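First comes the structure, then the notes that go with it.
The values are calculated or read from the model by the stated rules, or taken from the named source; none is laboratory data. If you're wondering where the values come from, they're calculated on a predicted model, not measured in any experiment. So basically every Cβ, Gly included, is an ideal-geometry build from the backbone, and we count neighbours across all protein chains shown. Please note that ligands, DNA and RNA were not included when accessible areas were found on the heavy atoms of the full protein model with its side chains. Shrake-Rupley method; radii C 1.70, N 1.55, O 1.52, S 1.80 Å.
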Amino acid sequence: MIIGIILSAGESKRMGTPKQLLPWGKTIILQHVIENAQASRLDNILLVLGSHADEIAAKINVSAKTGIVINHDYKEGMSSSVKCGVTHAPSEADAYMLLLGDQPFITTEIINKVLASYKQCKQCIVIPVYNGKHGHPVIFDAEYKQELLAIGDKGAKVVTAKHANKIMEVTVDAPEVLTDIDTPQDYQQAIGLNADRQKKDR
C-alpha cells in the first residue's frame, strides 16, 4: 500500500493569498493537484491542510480515495506537515509519496512513473531527477517512518542525506518536478507555461 501525502498547509506568505485557491485552468491549483493524484495508481491519499483550512476545504472536492487531515502546527513549516501526514497514514502503509500542493504540473504519468520505480526497489527512497537535480514527488519506504517523524527544520532532506545509498533516482523529461509556485511572479510564469502547453495539446 502506497499512500500519497499532499502537503498543502502552508501560509502562502510570499504569495499574499492562499495559493491553493488560485485559478488553474477550469479549476484551482490544489484541486488540480488532487485530481492528478487521485487518477494515479496511489492506493490512498491524505491531504494535509493547515492555514486557511476551512476556506480551502470548502472549495475542493475529493473522492473516497482521499482523506483530509489538519496540521495544527503548520506555522512550524513543511516538516510539520510531513509528520502530520505520516502520523495519520494507515499503519499498514508500505511507503509514503510526498507531493506538494503547489505543483499542478506534476501529472498522473509522473506520479505513476515514480510509483513503478519504487515497486522495483523496495525499502528505498525514490526521487525524480531532471537535468541532474532532485525534485518531487518523492517516495519514502515505511522503513524510514520513525526518521520522518523526527525531522526538524531541514525537512525530509535529512533522511535522504543519511540514506544516500538507498536512493533510486528516476530520470524524467519534465522540468516541472523542480518547480513550485511561491510568489505572484511564479504564478504568472506558470499560467503562461500552462497556456502554451494547452495550445500544443490541441
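I need the phi-derived Karplus couplings for segment 19-36: 6.51 cos²θ - 1.76 cosθ + 1.60, θ = phi - 60°, integer Hz, Gly and Pro marked x.
5, 4, 9, 5, x, 8, x, 8, 9, 10, 3, 5, 4, 5, 4, 4, 5, 5
Counting Lys and Arg as +1 and Asp and Glu as -1, what is the net charge of the other residues whose Cβ lies under 12 Å from the Cβ of residue 7?
Summing Lys and Arg as +1 and Asp and Glu as -1 gives -1.
So for 78, 15, 168, what's the accessible-area order with a 1.4 Å probe, most first?
Ranked list, largest accessible area first: 78, 168, 15.
Could you compute the FRET efficiency for residue 123 and residue 171, with r as their C-beta to C-beta distance and R0 at 25 Å, rounded to 0.05?
Once the sixth-power term is evaluated, E becomes 0.75.
So, how do all the Cα-to-Cα distances of segment 127-166 break down into 10 Å bins, in percent, from 0 on up?
Going from the shortest bin to the longest, the percentages are 26, 59, 15, 0.
Which value, in Å², gives the accessible area per residue of segment 138-202 when a 1.4 Å probe is used on the protein heavy atoms?
Result: 63 Å² of accessible area for each residue.
Taking only protein heavy atoms and a 1.4 Å probe, what accessible area per residue, in Å², does segment 1-98 have with all protein chains in place?
Using a 1.4 Å probe on heavy atoms only, each residue of segment 1-98 averages 45 Å².
Roughly what would the spin-label model give for residue 157 and residue 17, points 7 Å off Cα along C-beta, in nm?
Going by the 7 Å Cα→Cβ label model, 3.0 nm.
Quick one: Karplus J couplings for segment 103-116, per residue in order, coefficients 6.51, -1.76, 1.60, θ = phi - 60°, nearest Hz, x for Gly and Pro?
Each residue's phi maps through the Karplus curve to give 10, x, 7, 6, 7, 4, 5, 5, 4, 5, 5, 5, 4, 4 Hz.
Quick one: grab Rg to one decimal and Dmax as a whole number for segment 1-103, Cα atoms only, in Å.
12.7, 39
Out of residues 5 or more away from residue 24 or on other chains, whose amide H comes under 5 Å of its own, with H placed 1.01 Å from N in the peptide plane?
Sorted by chain and number, the residues that satisfy this are 29.
Rounded to whole Å and ordered largest first, report the semi-axes of the equivalent ellipsoid of the chain derived from its Cα gyration tensor (root of 5λ).
They are 24, 20, 16 Å, listed from largest to smallest.
Long-range amide H contacts for residue 47: which residues qualify at under 5 Å (H placed 1.01 Å from N, peptide plane, sequence gap of 5 or more or a different chain)?
It is 6, 67, 68, 69, by chain and number.
Kindly work out what percent of the DSSP beta bridges joining two residues of the chain are antiparallel, to the nearest 5.
30 percent
What are the ³J(HN,Hα) couplings of segment 161-166, residue after residue, when phi is run through the Karplus curve with 6.51, -1.76, 1.60 and θ = phi - 60°? Round to Hz, x for glycine and proline.
3J(HN,Hα) across segment 161-166, in whole Hz: 5, 5, 10, 4, 6, 9.
Taking H as built 1.01 Å from N, whose amide H comes closer than 5 Å to the amide H of residue 168, not counting residues under 5 places away?
Amide H to amide H, under 5 Å and 5 or more residues apart or across chains, residue 168 pairs with 125, 126, 127.
Determine the share of the chain's accessible area contributed by carbon and sulfur atoms, expressed in whole percent, with a 1.4 angstrom probe.
Answer for the chain: carbon and sulfur cover 48 percent of the accessible area.
Report Rg (one decimal) and Dmax (nearest whole number) for segment 132-202, counting Cα atoms only, units Å.
According to the Cα coordinates of segment 132-202, Rg and Dmax are 16.3, 47 Å.
Among the listed pairs 113/162; 13/122; 59/119; 157/200, give every one whose C-alpha distance is greater than 28 Å.
Pairs exceeding 28 Å: 13/122; 59/119; 157/200.
Compute a Gaussian network model of the chain, connecting alpha carbons closer than 10 Å, and tell me which residue from 40, 91, 79 fluctuates the most.
In the Gaussian network model the winner is 91.
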